[in-house]
Amino acid sequence: MISIEKLNILALIPARGGSKGVPRKNIIKLGKYPLIAYSIAAAKLSKYINRTIVTTDDKKIADVSKRYGAEIPFMRPKELAKDDSLDIGFFKHALSWLKDNENYEPDYVVQLRPTTPLREIDVIDNAIETITNNKVATSLRSAHKCEKITGYKLFRIKDKYIKFFGEEDFKKGEEYYNLPRQVLPKTYNPNGYIDVIIPKILDNTNTLHGKNIIPFITPEVPDIDILKDVEYAERVINKKKFYPLIKELRSHKYE
């Protein structure tokens, strides 16, 4: 078995320039630093990630990313950076470019979304250890436990009527959605803390995650979608567990 330290583990940080809610959201300031800098710092602090690339279509985002230690070996094509563009598009582009131009093929790709800036490094490394020790897994996706709402109380509207999710887990006709939340099965909300993709799975199945996705449960942390989310993140940024990120960012003289 190859030692995890000898694997090529790439951090790929997606940061398109377009954002309807907050223009150039990926480089707005959180505390003293651009939002994307936190994900770059997290990648650089991991003991397993040995390369960090930002995929962006925006020159300003590219320049900021370089200043904080990320590589920008290519620019993402505009057609892969639209509002409705899928993740698989920029993954394919990045991996194809690296193979064709550098003959570089990572064993695993760690996706760190800039909009989830506050991460613990031990959690990132634990996720990498989890998937590299599982030879059946096709990917890993992070999520946090749904505390205030359960998926079993959510519904869609079909043919003008309510259709609750999860009916396959109960007896036919049982009104499980009226049960107290505490007695229903636990459900989880996927988040942007960390995803780990295996390039050979992408090549073989033309899917990002494949069939055997490891659920990796993380703490719930701020997710930046609107400006109000930045205010919340700034209230928790000084927690001791995030200090390594701040220390790493302070090592750069770009405040």
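The values are calculated or read from the model by the stated rules, or taken from the named source; none is laboratory data. Predicted model only: the values in this text are computed from it and were never measured. Here the Cβ positions follow ideal geometry from the backbone for every residue, glycine too, while neighbour counts run over all protein chains shown.
Summary of values
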item	result
Residue in the stretch 99-122 that is farthest from Ala42 (Cα to Cα), counting only those that are crowded, with 18+ Cβ neighbours inside 10 Å and either free of Cβ contacts under 8 Å to residues at least 60 places away in the same chain or of a type in the set (Ser, Thr, Tyr) (or both)	Tyr108
Evaluation of Ala81 against (1) at pLDDT 95 or above; (2) aliphatic (A, V, I, L, M); (3) buried (at least 20 other Cβ atoms within 10 Å of the Cβ) (one fails), failing number	(1)
Residues (charged (D, E, K, R) and outside any loop (DSSP other than H, G, I, E, B)) located in the stretch 101-122	Glu102, Asp122
In the stretch 1-54, the residues that are modelled with pLDDT under 95, surrounded by 23 or more Cβ atoms within 10 Å (Cβ to Cβ) and within 24 Å of Pro199 (Cα to Cα)	none
Any hit, the stretch 123-143, residues being surrounded by 13 or more Cβ atoms within 10 Å (Cβ to Cβ), in a loop (DSSP other than H, G, I, E, B) and touching a residue at least 60 places away in the same chain (Cβ under 8 Å)	yes
Those residues of the stretch 19-44 which are in a loop (DSSP other than H, G, I, E, B), in contact with a helix residue (DSSP H, G or I) (Cβ under 9 Å, 6 or more places away or on another chain) and in contact (Cβ under 8 Å) with a residue 24 or more places away in the chain, in sequence order	Gly21, Val22, Arg24, Ile28, Gly31, Lys32
Cβ-Cβ under 6 Å pairs, at least 6 apart or on other chains, the stretch 197-208 side within 14 Å of Thr132 (Cβ to Cβ), far side part of a helix (DSSP H, G or I) and at pLDDT 95 or above	Pro199/Leu95
Pick from the stretch 54-89, criterion part of a helix (DSSP H, G or I) and touching a Ser or Thr at 6+ places or on another chain (Cβ under 9 Å), ranking: nearest to Asn206 (Cα to Cα)	Ile88
Those strands (runs of 3 or more DSSP E) lying entirely in the stretch 156-255 with at least 1 residues surrounded by 16 or more Cβ atoms within 10 Å (Cβ to Cβ) and of a type in the set (A, V, I, L, M)	188-197, 213-217
Of the criteria (1) touching a residue at least 12 places away in the same chain (Cβ under 8 Å); (2) surrounded by 15 or more Cβ atoms within 10 Å (Cβ to Cβ); (3) more than 30 Å from Gln182 (Cβ to Cβ), which one Gly89 fails	(1)
Sole residue being modelled with pLDDT of 95 or more, within 17 Å of the chain's Cα centre (by Cα) and of a type in the set (Phe, Trp, Tyr), chosen from Tyr152, Tyr176, Tyr193, Tyr161	Tyr193
